[in-house]
Structure formats: C-alpha cells, structure tokens
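Shown next, in structure tokens, is the structure this report addresses.
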Amino acid sequence: MRIITSTSAAARLEAAREFLGGRPPSTEIVIVAASRGAADDLARAVARRAGATFGIARFSLTELAAGAAAMRVADVRHVPGTQAGAEAIAARAVFDARAAGELGYFEPVASMPGFPKALARTLHELRLAGIRPASLARTNDQGPTDLASLLARVEEQLDRAAVDDRAALFRIAAEACRAGRVR
C-alpha cells in the first residue's frame, strides 16, 4: 500500500492516475472520491490513457456509505434526511429550547434568521465526530451546554421521525462493514 499526501490536488490526482494506469484494463477497481463527478472524472482520465477499461466502479463517499448501510436489517424503517430537513429540525430544536428557557450563551442570536442553518451544520459536524450531548454538557461553559441541549433535542427528533442523517448513515455503514455484511 502506498499513501500519497500533498497539498496539491493535481499531484494527488496524477499519482492516482499513474497507480490506476498501471493495472490491466480488466482489473476490478473501485474509485471513491469526494463526489461522484470527481470519481467519474478520474475514471475517464484512466480510460483515456488505457484506451479501454472494464470493471471500474465509481462512488462518492456518501454513495458508498449508503450502499453499505442498505445492508442493515430490513425491519429498521428509517428514511434518509436532507439538508433542508436538518435545518428544519435545528429550527424546531431552537424554538423548543428557547420556550423552555434552556439557552444562555446562544439566546441573543437564537432568533436570527441564519442561526438554524449554522446550528444544523455545527450539530452535523458534532454528530460526524461522534460527540454525544453528555460529553458537551460536562463543561462549565454556557456555549457547550447550549450545544448539548440542542444536540439532544435534534437527536430526539431524528429518532422520533425515524430519519437517518449523514452521520447516522456513516455510522450504520461502518457497523455493516465491521460485521462483514459488505463486500
């Protein structure tokens, strides 16, 4: 195995094209990229150099995770979430937290129009990192305490609505891989 690290995307792509170009045209190859378009671009570049290819599968990281997560037990009925849905859930969490008087640090900005969108992105990053509300609540600072309350409310709404956000998708996909249910 060889790992290429570079701040230059062009250098990383050239290393990938060189590596993939050294394989026989009939070799099964899986390309995983930040987006499906990026994976397609790399596959086309490899095909142009090789003249012909067979067996290249292309995925974005999210598509790969979705495929792996689809292997979970069929009796679990959840639907995938969207960014708009995440923002709506965040707005509802803020509304409920303000009504309950739970916000301190965020209270002055919680009613601003962009707050639910920013909160949704922040909570998404926390969920991707596996941060639980209890670990945020252990601090003495108001900001993390507010985030803990809002994160708990969002997780409760996701569970109640049976919605899997992107963080849940990656967690489920990782569980499926660890359990050997994914090729």
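The values are calculated or read from the model by the stated rules, or taken from the named source; none is laboratory data. Bear in mind that the values here come from a model prediction, so they are computed numbers and not experimental data. We place every Cβ from the backbone using ideal geometry, glycine too, and count neighbours over all the protein chains shown. Accessible surface is based on the protein model in full, side chains and every heavy atom, while ligands, DNA and RNA are left aside. Shrake-Rupley method; radii C 1.70, N 1.55, O 1.52, S 1.80 Å.
Conditions: (1) surrounded by 13 or more Cβ atoms within 10 Å (Cβ to Cβ); (2) among the polar types (S, T, N, Q); (3) under 27 Å from residue 169 (Cβ atoms). Residue 53 meets all but one. Number of the miss?
(3)
What's the number of the only condition in (1) open to solvent by less than 60 Å² (accessible area, probe 1.4 Å); (2) under 22 Å from residue 32 (Cα atoms); (3) touching a residue at least 60 places away in the same chain (Cβ under 8 Å); (4) not basic (Lys, Arg) that residue 177 fails to meet?
It is condition (1) that residue 177 fails.
When both residues are 6+ apart or on different chains and their Cβ atoms are under 7 Å apart, which pairs have a first residue that lies in the stretch 80-102 and is farther than 19 Å from residue 128 by Cα, and a second that is of a type outside the set (A, V, I, L, M, F, W, C) and part of a helix (DSSP H, G or I)?
Listed pairs, sorted by first residue: 91/116; 92/157; 94/116; 96/153; 97/149; 97/153; 102/149.
If the requirement is being closer than 29 Å to residue 30 by Cα, of a type outside the set (Phe, Trp, Tyr) and loosely packed, with under 12 Cβ neighbours inside 10 Å, which of these qualifies: 171, 183, 166?
Numbers: 171 fails: loosely packed, with under 12 Cβ neighbours inside 10 Å; 166 fails: loosely packed, with under 12 Cβ neighbours inside 10 Å.
Answer to the check: 183.
From 103, 61, grab the single residue that is open to solvent by 80 Å² or more (accessible area, probe 1.4 Å) and of a type in the set (A, V, I, L, M).
Only one candidate qualifies: 61.
State all residues of the stretch 35-80 that are assigned to a loop (DSSP other than H, G, I, E, B) and touching a helix residue (DSSP H, G or I) at 6+ places or on another chain (Cβ under 7 Å); if no residue qualifies, say none.
Passing the criteria: 53, 71, 72.
Tell me, which residue of the stretch 134-149 that is in contact with a Ser or Thr (Cβ under 8 Å, 6 or more places away or on another chain) and surrounded by fewer than 20 Cβ atoms within 10 Å (Cβ to Cβ) is modelled with the lowest pLDDT?
Only one residue tops the list, namely 139.
Checking residue 32 against (1) over 21 Å from residue 63 (Cβ atoms); (2) in contact with a Ser or Thr (Cβ under 9 Å, 6 or more places away or on another chain); (3) outside any helix (DSSP H, G or I), which test does it fail?
(1)
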